[in-house]
Amino acid sequence: MRAAVDRYGYRGDIAQAASPLGFAFMQFVILATAREHEQPYEWSLHEMQAVAVGLDPAEIDVVRNRKPLAGLPENEAVVVMMAHEMFAGHQLSSATYAEGLKIFGQKNLVDIIGLMAGYSGTSVTLSAFNQQMPPGWKQFLPLPFTPPGDIYADSRSRLPLIKDRVPPQPGFAKLLYGRGPEPLGTGPSHIGLHAAAFPALLASVGRPLIDLAILVTAREHDSQYDWTMNELAAVKDGLDPAVIDVVRNRKPTAGLPENDAALIDFARELFRAHYVTSPTYSRAVKAFEEGNLVALVRVLSQHTQEAGLLAAFDQRLPAGQKPLLP
């Protein structure tokens with residue numbers, strides 16, 4: 001059974017539980033993804049779920065501390081290899097893909113890669129808005145950085161708590177804990193409540209800037225297919241070729257229009273460091289306003305998912321189409 005995907009790539013826990021691979025194994029897949037993205041909120045919630053449904057803590061510790069994979073079962077070891085290749089190297093080798101296909105079969109492998117791609121997008125959303133664990137909840141992932149302190153006390157993120165709307169909290173975790181998978185007021189669902197609707201985003205920032213969000217995501221993931229197909233569309237939409245060249249060749253943003261520069265610098269920092277500094281975040285809010293920034297991060301998240309899928313399945317350009325990304 002393939003898990004349903006919401007607009008942030010967050011998979012339903014009931015669908016994971018129904019997978020023939022089992023809920024505990026699918027939690028392991030999410031943990032491998034969260035580890036590659038240095039995402040503490042995603043990791044911590046899913047470690048708790050994984051332990052609750054019987055995943056061996058020693059196996060979790062191998063991923064947490066990047067220990068040798070020799071002690072893992074082969075199905076878990078190949079997942080860690082896949083996650084590292086997809087998200088650190090931006091391509092999945094033929095050998096690792098073939099190993100995954102041999103172990104899981106095509107349908108299950110597609111589901112696993114889809115889950116990984118979805119949670120890579122969720123990681124982007126959580127990291128962009130500095131989502132941290134609620135008070136009293138332990139953070140289980142060692143980080144190579146100290147998260148910025150610019151968060152609200154109630155939501156534990158950069159976005160204030162919305163008290164008059166509660167996002168739906170379905171899922172298998174509710175059966176385990178009597179609550180949804182996300183502590184209320186936190187997580188990707190609550191972040192999504194702040195987003196401007198797409199027509200409002202389009203009217204406010206314009207199509208070329210949305211195209212720029214897609215291109216900088218494709219560039220930071222070395223996604224040839226996503227870049228080439230969307231560069232063609234961006235040129236038609238009127239995005240300045242000089243701006244495209246800055247992204248393509250990873251040039252400094254000095255001299256670009258402020259909105260373009262703010263978006264490029266925000267995305268580069270997010271994808272390279274797995275967090276956004278307070279000055280960079282404040283600059284982006286000033287450029288776009290909060291609701292539009294949340295909606296733009298949704299674009300970054302969606303194309304992060306697509307980059308993962310395209311890399312995993314080695315999607316090639318249409319015949320005769322020249323690659324536009326070096």
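The values are calculated or read from the model by the stated rules, or taken from the named source; none is laboratory data. Since this is a predicted model, take the numbers as computed values, not measurements. No Cβ is skipped: glycine too gets one built from the backbone with ideal geometry, and neighbour counts run over all protein chains shown.
Can you tell me how many residues in region 62-104 are small (Gly, Ala, Ser) and closer than 15 Å to PHE25 by Cα?
3
ILE214: under 19 Å from the mean Cα position of the chain (by Cα), under 27 Å from ALA312 (Cα atoms) and not small (Gly, Ala, Ser), yes or no?
yes
Regarding region 220-240, can at least one residue be identified that is in a helix (DSSP H, G or I), free of Cβ contacts under 8 Å to residues at least 60 places away in the same chain and under 21 Å from PHE129 (Cα atoms)?
Scanning region 220-240, I find at least one residue that is in a helix (DSSP H, G or I), free of Cβ contacts under 8 Å to residues at least 60 places away in the same chain and under 21 Å from PHE129 (Cα atoms), so the answer is yes.
In region 22-43, is there at least one residue being closer than 24 Å to ALA295 by Cα and out of contact with any helix residue (DSSP H, G or I) (no Cβ under 7 Å at 6 or more places or on another chain)?
Looking for residues that are closer than 24 Å to ALA295 by Cα and out of contact with any helix residue (DSSP H, G or I) (no Cβ under 7 Å at 6 or more places or on another chain), one finds at least one in region 22-43, hence yes.
Considering only residues of region 127-172 that are β-branched (Val, Ile, Thr) and farther than 16 Å from GLU290 by Cβ, which is modelled with the lowest pLDDT?
Going through the qualifying residues, I end up with VAL166.
Got a sec? Which helices (runs of 4 or more DSSP H) wholly within region 66-151 have at least 2 residues that are in the same structural domain as ARG219 (by TED's automatic domain parsing) and β-branched (Val, Ile, Thr)?
Helices (runs of 4 or more DSSP H) meeting the threshold: none at all.
Looking only at region 241-268, which residues are surrounded by 18 or more Cβ atoms within 10 Å (Cβ to Cβ) and either free of Cβ contacts under 8 Å to residues at least 12 places away in the same chain or not in a helix (DSSP H, G or I) (or both)?
LEU256, ALA261
Being polar (S, T, N, Q), touching a helix residue (DSSP H, G or I) at 6+ places or on another chain (Cβ under 8 Å) and farther than 13 Å from ALA312 by Cβ is the filter here, so list the residues in region 80-126 that pass it.
THR122, SER123, THR125 - these are the residues of region 80-126 that are polar (S, T, N, Q), touching a helix residue (DSSP H, G or I) at 6+ places or on another chain (Cβ under 8 Å) and farther than 13 Å from ALA312 by Cβ.
Which ones in region 307-326 are under 26 Å from LYS251 (Cα atoms), surrounded by fewer than 21 Cβ atoms within 10 Å (Cβ to Cβ) and at pLDDT 95 or above?
Once the filter is applied, which keeps residues that are under 26 Å from LYS251 (Cα atoms), surrounded by fewer than 21 Cβ atoms within 10 Å (Cβ to Cβ) and at pLDDT 95 or above, region 307-326 yields LEU317, GLN321, LYS322, PRO323, LEU324, LEU325.
Return the pair list, or none, for Cβ contacts closer than 7 Å from residues in region 43-54 that are farther than 14 Å from TYR119 by Cα to residues that are among the polar types (S, T, N, Q) and buried (at least 22 other Cβ atoms within 10 Å of the Cβ), at least 6 apart or on different chains.
Hits for this filter: GLN49/GLN27; ALA50/GLN27; VAL53/GLN27.
Mind checking which pairs have a first residue in region 13-25 that is among the aromatic types (Phe, Trp, Tyr) and a second that is in a helix (DSSP H, G or I) and modelled with pLDDT of 50 or more, Cβ under 6 Å, 6 or more apart or different chains?
If the second residue must be in a helix (DSSP H, G or I) and modelled with pLDDT of 50 or more, the pairs left are PHE23/GLN16; PHE23/ALA17.
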